[in-house]
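Structure, as structure tokens:
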Amino acid sequence: MKKLLIGLTAAAAITGSAISGSAMAQTVIQVSTWGGPNHGVNTIVWPTWKQWIEEATDGRVTLNVNHDLGPPPAQMEIVADGIADATWIFHGHMAGRFQLTQLPEFPTFEEFTSEAAAAAYWRTHQAYLADANEHRGVVVVGLGMHGPGQAFAADEITGLDDLRGKRMRVGGGVMNSVAEKLGIVGVALPPTGVYEAASQGVVEGAMLTIEALRSFRLAEVTPNVLTVPGGFYRGSFAIVVNPDTWNSIDEADRNAIMEVSGERLSRLFGYMMDTHDERAVGFSEDYDVVFNQISDADLERLRELTADLPDEWVRTAASNRGVDGEAALAHFRQELARASQEPSIAPETVEVRP
């Protein structure tokens, strides 16, 4: 019944919106999105990718973005079932389904851009992870990383001890493992549910990114932020397409779309996250948000607490999927260093909306 209701609602929305799609386009890829209208994926990623696709295919293929077709954890199913043609997913929302995608999420305690991380992630995925087929049922056309994941709370937090015992939103993946080691009482919620949960006292805080101060209105309900260089964790995403939709596109146009997808689309996603982290810092000034950076002593404690996470991933997740985890981790770190020295996507190639 749940699938039927989602499907009927989505079909009605898509049918209505498709009428307003590009009249010249032979194929309209119906995108399901979430995150709110002002989220960067909706103001930067989809508009830019749409422009790139239209240019690459001479207008034969375009995108049409549909909001509210289903909650974040349902997005993979929405596309796999053909309710929509494409979407973006957060791997942590599907516990147990994705394990290899934790590779780029471990804390590094080093500063680097999400754009560089996304480029390194795409290269590592193609070299080591893709053959494990964790994304079975959909076609992966891009990967993404968000910025440093930090700790947010309604009350002041100045160190790790302030986090112990707090009920805080967690979203899966490495984030959950870090929260457990810190003694946080994790409450599984998508980011879209944090504002309501925090305003009602269901949670006392959240593990999220700086951009969430604006995108998910955390500045209003959890205005105290404890920051770690490079973040407590990072989070991985994928942009995926229904395989039937993908195969229905002319081969020449598929190839053209991939020319503006893959690493380029991944970089765009990371660029978007970097941009919105920066915007959120300015936005937070109107809400008296307090930022406290972790002390050197706590940073060393955190480093020791999380030191075994990559090794555990190599022993379990990677080995269970038949992947050389040590080699994959080394490759990712090497590519991250390389990508950090490469030029960013030129702003003039990116369509940025307010």
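No value in this document is a laboratory result; all are computed from the given coordinates. Remember, predicted model here, so these are calculated numbers, not experimental data. Cβ: placed from backbone, ideal geometry, glycine included. Neighbour counts: every protein chain shown.
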Amide H partners (placed H, <5 Å) of Leu143, local residues excluded: Ile239, Ser266
Global form of the stretch 151-207, assessed from the alpha-carbon gyration tensor, a/c cut-off 1.5: oblate
Sorted by Cβ density within 10 Å, fewest first, the residues Ser319, Ser284: Ser319, Ser284
Total formal charge among the other residues, if their Cβ is under 13 angstrom from that of Gly282, Lys/Arg +1 and Asp/Glu -1: -3
Trypsin sites (Lys or Arg not before Pro) restricted to DSSP loop in the stretch 178-268 with at most 12 other C-beta within 10 Å: none
Vicinal HN-Hα couplings computed from phi for the stretch 310-315 (Karplus, 6.51 cos²θ - 1.76 cosθ + 1.60; Hz; Gly/Pro x): x, 5, 5, 4, 4, 5
Mean residue ellipticity (222 nm) of the chain, computed from DSSP H runs ≥ 4 via -39,500 (n - 2.57), nearest 500: -11500 deg cm²/dmol
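Starting from the Cα gyration tensor of the chain, take the square roots of the eigenvalues, sort them a ≥ b ≥ c, and report rounded, prolate or oblate (rounded when a/c is under 1.5, otherwise prolate if a/b is larger than b/c, else oblate).
It comes out prolate by the Cα gyration axes.
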Relative contact order, percent, the chain [alpha-carbon distance under 8 Å, six or more residues apart]: 26
Environment charge at Val138 (Cβ cut-off 11 Å; Lys +1, Arg +1, Asp -1, Glu -1): -4
Cα shape, the stretch 224-354, gyration tensor, a/c 1.5 rule: oblate
Cut-off under 5 Å, modelled amide H: who pairs with Gly172 long-range: none
In sequence order, calculated HN-Hα J values of the stretch 98-113 (Karplus, 6.51, -1.76, 1.60; Hz; x Gly/Pro): 10, 10, 5, 5, 6, 3, x, 8, 5, x, 10, 6, 10, 8, 7, 7
Approximate spin-label separation Glu326-Val185, in nm, with each point projected 7 Å along Cα-to-Cβ: 4.2
Estimated vicinal HN-Hα couplings, Hz - the stretch 241-249 in sequence order (Karplus 6.51, -1.76, 1.60; Gly, Pro = x): 10, 4, x, 5, 4, 4, 6, 7, 7
Mean Kyte hydropathy of -1.0 or more with a Cα span along the axis of at least 24 Å, helices from DSSP in the chain: 262-284
Protection proxy ranking, peptides 78-85, 50-57, 268-275, 322-329, average beta carbon neighbours within 10 Å, highest first: 268-275, 78-85, 50-57, 322-329
Rounded Å value of the spacing that divides the Cα centres of the stretch 301-330 and the stretch 157-202: 23
Net charge of Cβ neighbours under 12 Å - reference Glu54; Lys, Arg +1; Asp, Glu -1: -2
